[in-house]
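Visitor: Structure below; questions to follow.
The values are calculated or read from the model by the stated rules, or taken from the named source; none is laboratory data. Computed from a predicted model, the values in this text were never measured in an experiment. Glycine gets a Cβ as well: all are built from the backbone with ideal geometry, and neighbour counts include every protein chain shown. Remember, those area values only see protein heavy atoms, side chains included, never the ligands or the DNA or RNA. Shrake-Rupley method; radii C 1.70, N 1.55, O 1.52, S 1.80 Å.
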Amino acid sequence: MPNQFDLIVLGGGPAGYVCAIRAAQLGLATAVVEKDKLGGVCVNIGCIPTKALLHSAYVANLVAHDAKELGVDVGGIKTDYGVAMRRSRKVSEQNSKGVEFLMKKHKITVVKGAGTLAKNRTVQVGKDEYQAGKAVVIATGSRVKGIPQIGLEIDKTSVISSDEALFLEQAPKTLAVVGAGAVGCEFADVFNAFGSKVTLIEALPRILPLEDAESSDVLTKSFKKRGIAVFAGAQVKKATVAKDKVTLAVETGGKTERVEVEKVLMAAGRAVNTEGMGFAEAGVQLTDRGFVRVNPGTLETTAPGVYCIGDVAGPPMLAHKGSREGVFVAELVAGHAPHPIKYDNVPSVTYCHPEVASIGVTEEQAKERKLDYQVGRFPFSANGRARTAGETEGFVKIIRDKKYGEILGAHIVGSHASEIIHELTVARENEYTVEEVDLAIHAHPTLSEAIAEAALDSMGRVMHI
Ligand code: NAI
């Protein structure tokens, strides 16, 4: 039978396509159903193109503010968002083609079209029916959302989302970003570097509210220094959208501020894709919050043989969390005993400048949970490598268990935080202590030395400060 597979994945994003690769590696006949480009939001309108734009933003800031001091005077600078945008599209296309190649390499069938789930692990795509002998895996992801209740419906012109921001030909003169999670902070950084006057508005008391308060503080100061207006603890009460401008009434510190901008970028969270795909009919139930309900130990939904991974299975909505779930389900379905997913050990990274990365608990959470902890810190201003690059903003902070020295949480703000956090991810995964982190010899001069120093500081033995 031509349309018979062992495993069918609905959705070809980083959760779905990684699941398919692992399943194929384990000998399962595998198909991926995708209605758009392979790679999903991450590759096409998410992680990859934004990181390309953030690199352009980094270069713009470097040339504008630091190059002369480094002995490289390039004269006046002129930025062009359209050029950066088109480069980011090329990078994105390369990555999507890369996923196509991987599907071919692993002999995975890619079915182009919108899939609908039916009973007994059947997937309908147009007139064709596909049958999964072992499992169907839902990996349908998430999408941007507006706040229509206050007049902030995404109209794709004045009120935009990251989807549209990634395709603008030029940076708006003025921009309000509503929501200061990862999306909001990353785009505030990008458009500020490309000359927009940016106002960042966050309802909770501080930007990146899920990060450690010290990380938020450093980023707030850095953003303000670069001219981004930061309103935290601020509520957009009303938005009035006129031709070519949006007026926001923002309640902050007991007063109402009027913010008039060319465009508003909505970055106040995402909605999951669960509608119109036959989930209820196939017996797949949702949680009260609208995610697909899964058994946390197996990621199986309420329909036997139907699994769910990635954003649609619940937070954190992160590509790497989805990919890991994909590997887990593929191994489970193939009859292996996969390594359990440790949801408290998923690194979080915001790629603005300075970068913000973390793993494990924040100090606030350590207090709330009444953990017996000790904090160690090391600022990049005292790190040789950071000084050589002239990038001395930020710090490494390690929260360790007082008695055993195990790493409960780690927070890094600074250059390359997204890369060096993984030393602490490996340490936590293997339950290394701060002492063991320091015992591993760190090359000199490197940013990673700040991690060893923060580990030492937590034991009262810091050296270079
Ligand atoms: P988010 O949920 O992380 O942040 C949204 C922020 O908007 C929150 O801080 C929230 O308090 C605030 N907010 C909500 N309503 C508001 C209002 N009316 N006025 C002002 N502020 C308001 O969502 P975000 O940033 O849109 O990202 C969506 C998902 O994608 C998240 O799970 C995020 O972690 C993930 N993502 C991850 C990235 C990364 O790892 N670098 C990059 C982009 C997205």
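Visitor: To the nearest 0.05, how large is the calculated FRET efficiency for residue 120 and residue 343 if R₀ is 35 Å and r is the Cβ-Cβ distance? Intermediate results must be reported in sequence, preceding the final value.
Guide: Working: r = 31 Å, r/R0 = 0.88.
Efficiency, rounded to the nearest 0.05: 0.70.
Visitor: Continuing with this model, one more query. With +1 on the Cβ of every Lys and Arg and -1 on the Cβ of every Asp and Glu, and nothing else charged, how large is the dipole of segment 354-458 about its Cα centre, in debye rounded to the nearest 20? All intermediate terms of the calculation are to be shown ahead of the outcome.
Guide: Details: 11 positive and 19 negative charges, 54 e Å.
For segment 354-458, the charge dipole is close to 260 debye.
Visitor: How many Å² of accessible area per residue for segment 1-115, probe 1.4 Å? List each step's numbers first, then the result.
Guide: On the way: 5730 Å² over 115 residues.
Using a 1.4 Å probe on heavy atoms only, each residue of segment 1-115 averages 50 Å².
Visitor: A follow-up question, please. Give me the number: length gained by fully extending residue 169 to residue 26, i.e. 0.36 nm times residue separation minus the C-alpha to C-alpha distance, one decimal in nm.
Guide: On the way: separation 143, 0.36 × 143 = 51.48 nm, distance 4.46 nm.
This chain segment gains 47.0 nm when fully extended.
Visitor: I'd like the antiparallel share, as a percent to the nearest 5, of DSSP beta bridges with both residues in the chain. Mind showing how you got there, number by number?
Guide: Working: 52 of 84 bridges.
Around 60 percent antiparallel, to the nearest 5.
Visitor: Over the chain, what portion of Cα pair distances is larger than 30 Å, expressed as a whole percent? Working shown, then result.
Guide: Values: 55400 of 107880 pairs.
Across the chain, Cα pairs with separations above 30 Å total 51 percent.
Visitor: Then there is this: I'd like the FRET efficiency for residue 431 and residue 213, computed as 1/(1 + (r/R0)^6) with the beta carbon distance as r and R0 of 41 Å, rounded to 0.05.
Guide: 0.95
Visitor: What FRET efficiency do you get for residue 106 and residue 143 if R0 is 30 Å and r is their Cβ-Cβ distance, rounded to the nearest 0.05? Walk me through the intermediate numbers first.
Guide: Numbers: r = 28 Å, r/R0 = 0.92.
Result of the calculation: an efficiency of 0.65.
Visitor: A further question on this structure: Between residue 127 and residue 419, what length comes free when the chain is fully extended (0.36 nm per residue of separation minus the Cα-Cα distance, one decimal in nm)?
Guide: Working: separation 292, 0.36 × 292 = 105.12 nm, distance 4.61 nm.
Result: 100.5 nm gained on full extension.
Visitor: Additional query: Give me P(r) over segment 317-407, computed from all C-alpha to C-alpha distances, binned every 5 Å, as integer percentages.
Guide: 3, 11, 15, 15, 15, 15, 13, 8, 4, 2, 0
Visitor: Which residue, 247, 345, 178, has the largest displacement toward the positive end of the dipole of the chain when charges sit on each Cβ (Lys, Arg +1; Asp, Glu -1)?
Guide: With unit charges placed on the Cβ atoms, the residue in question is 247.
Visitor: What value, in deg cm²/dmol to 500, does the helix sum -39500 (n - 2.57) over DSSP H runs of n ≥ 4 give at 222 nm once divided by the residues of the chain?
Guide: Numbers: 13 runs with 143 residues, N = 465.
The per-residue figure over the chain is -9500 deg cm²/dmol.
Visitor: Report, in cubic angstrom per residue, the convex hull volume of the C-alpha atoms of segment 148-268. Mind showing how you got there, number by number?
Guide: Numbers: hull volume 11.2 nm³, N = 121.
In segment 148-268, the Cα convex hull volume per residue is 93 Å³.
Visitor: Once you charge only the Cβ atoms, +1 for Lys and Arg and -1 for Asp and Glu, what is the size of the charge dipole of segment 1-110 about its Cα centre, to the nearest 20 debye? Write down the numbers at each step before the final one.
Guide: Details: 14 positive and 9 negative charges, 60 e Å.
Computed charge dipole of segment 1-110: roughly 280 debye.
Visitor: Find which of 405, 283, 58 sits farthest along the positive direction of the dipole of the chain, computed with +1 on the beta-carbon of Lys and Arg, -1 on that of Asp and Glu, about the Cα centre.
Guide: My answer, from the dipole projection, is 283.
Visitor: What Kirkwood Rh does segment 400-465 have if only Cα atoms enter the pairwise 1/r average? Answer in Å. Working shown, then result.
Guide: Numbers: mean 1/r = 0.0835 Å⁻¹.
It is 12.0 Å.
Visitor: Also, I was wondering about something else. Which entries of 104/127; 367/402; 78/245 show an alpha-carbon separation above 18 angstrom in the structure shown?
Guide: In this structure, 104/127; 78/245 lie more than 18 Å apart at Cα.
Visitor: Leaving out ligands and nucleic acids, and using a 1.4 Å probe, what accessible area per residue does segment 354-458 come to in Å²? Walk me through the numbers before you get to the answer.
Guide: Details: 4670 Å² over 105 residues.
On a per-residue basis, 44 Å².
Visitor: Hey, can you find the accessible area per residue of segment 148-268 for me, probe 1.4 Å, expressed in square angstrom? Display every interim value, and only then the final one.
Guide: Values: 5340 Å² over 121 residues.
Normalised by residue count, the accessible surface of segment 148-268 is 44 Å².
Visitor: How large a share of the accessible area of segment 148-268, in percent, is made up of carbon and sulfur atoms when the probe is 1.4 Å and the other protein chains stay in place? Please report the intermediate quantities before stating the final value.
Guide: On the way: 2800 of 5340 Å².
Looking at segment 148-268 in its full context, I get 53 percent from C and S.
Visitor: For segment 354-458, I need the span (max minus min coordinate) of the C-alpha atoms along each principal axis, in Å, sorted largest to smallest.
Guide: 39, 26, 20
Visitor: Right, next: Please get the size of the charge dipole for the chain, origin at its Cα centre, with Cβ charges of +1 on Lys and Arg and -1 on Asp and Glu, quoted in debye to the nearest 20. If you can, show how the numbers build up before the last one.
Guide: Details: 54 positive and 55 negative charges, 218 e Å.
Here the chain has a charge dipole of around 1040 debye.
Visitor: Along the charge dipole of the chain, pointing to its positive end and built from +1/-1 on Cβ of Lys, Arg, Asp and Glu, which listed residue (433, 95, 328) has its Cα farthest out?
Guide: 95
Visitor: Could you work out how much longer the chain between residue 97 and residue 295 gets when fully extended? Use 0.36 nm per residue separation minus the Cα distance between them, nm to one decimal. Show your work: numbers first, answer last.
Guide: On the way: separation 198, 0.36 × 198 = 71.28 nm, distance 3.38 nm.
Net length gain for the segment: 67.9 nm.
Visitor: Could you pull out every one of the aspartates and glutamates with an alpha carbon less than 18 Å from that of residue 342, ignoring same-chain neighbours closer than 8 positions?
Guide: 300, 311, 325, 331, 406, 423, 429, 431
Visitor: Can I ask one more? Given a 1.4 Å probe and every protein chain left where it sits, what share in percent of the accessible area of segment 354-458 is carbon and sulfur? Intermediate values should be presented prior to the final figure.
Guide: Details: 2270 of 4670 Å².
Roughly 49 percent of what the probe reaches on segment 354-458 is carbon or sulfur.
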